[in-house]
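> Quick one: the structure is below, and I'll ask about it shortly.
The values are calculated or read from the model by the stated rules, or taken from the named source; none is laboratory data. This is a predicted model, so every value here is computed, not measured. Neighbour counts are summed over all protein chains in view; Cβ atoms, including those assigned to glycine, are modelled from backbone coordinates with ideal geometry. Quick note on the areas: whole protein, heavy atoms, side chains included, nothing else; ligands and nucleic acids left out. Shrake-Rupley method; radii C 1.70, N 1.55, O 1.52, S 1.80 Å.
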Amino acid sequence: MGTTVAGHALTAIQLTTAAGICCALDLVASGVLPQKGFIAQESIELADFMANRFGSTTACRI
């Protein structure tokens, strides 16, 4: 298995899917993204995503 989070083994696809959803919600809650309406995935700036506590979990670690 890939990574263990809170005692649960997650595959890469599970981790990245959860990270993307949590990051988007976190950015909405913190006011970085609009508070209403449709938000396209493409409208999230990569810098905002990678700087987020959830988005940063998808960064390459060498």
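> At 1.4 Å probe size, with the rest of the protein present, what percent of the exposed accessible area of the chain is carbon and sulfur atoms?
Numbers: 2990 of 4710 Å².
Heavy-atom surface of the chain belonging to carbon and sulfur, 1.4 Å probe: 63 percent.
> Mind ranking 34-40, 51-57, 8-14 by how tightly packed they are, going by the mean number of other C-beta atoms within 10 angstrom, highest first?
Per-residue mean Cβ counts within 10 Å order the peptides as 51-57, 8-14, 34-40.
> Relative to the first principal axis of the alpha-carbon coordinates of the chain, what is the inclination of helix 12-29, with its axis defined by its Cα atoms, in degrees from 0 to 90 and to the nearest 10?
30 degrees
> Between (i) 4.9; (ii) 8.1; (iii) 4.0, which matches mean projected area of the Cα convex hull in nm² calculated for the structure shown?
(i)
> May I ask for the net charge around Ser30, where only other residues with Cβ less than 12 Å from the Cβ of Ser30 are counted and Lys, Arg are +1 while Asp, Glu are -1? Walk me through the numbers on the way to the answer.
On the way: positive: Arg53; negative: Asp26, Asp48.
Computed value for this residue: -1.
> Now for a separate question. Separation between the Ile13 and Asp26 pseudo-spin-labels, each 7 Å from Cα along Cα→Cβ, expressed in nm?
2.4 nm
> Residues with amide H under 5 Å of Val5's amide H, sequence separation 5 or more or different chain, H placed in the peptide plane at 1.01 Å from N; which?
Leu10
> If you take the beta carbon distance between Ser56 and Gln35 as r and set R0 to 22 Å, what does 1/(1 + (r/R0)^6) give as a FRET efficiency, to the nearest 0.05?
On the way: r = 23 Å, r/R0 = 1.05.
With R0 = 22 Å, the Cβ-Cβ based efficiency is 0.40.
> Could you work out [θ]222 nm for the chain from helices alone, using -39500 (n - 2.57) per DSSP H run of at least four and dividing by all its residues? Round to the nearest 500 deg cm²/dmol.
Values: 2 runs with 24 residues, N = 62.
Here the helix-only value at 222 nm equals -12000 deg cm²/dmol.
> I'd like the Karplus ³J(HN,Hα) series for the range 42-49: coefficients 6.51, -1.76, 1.60, θ = phi - 60°, whole numbers in Hz, and an x wherever there's a Gly or Pro.
Values, residue by residue: 5, 7, 8, 5, 4, 4, 5, 4 Hz.
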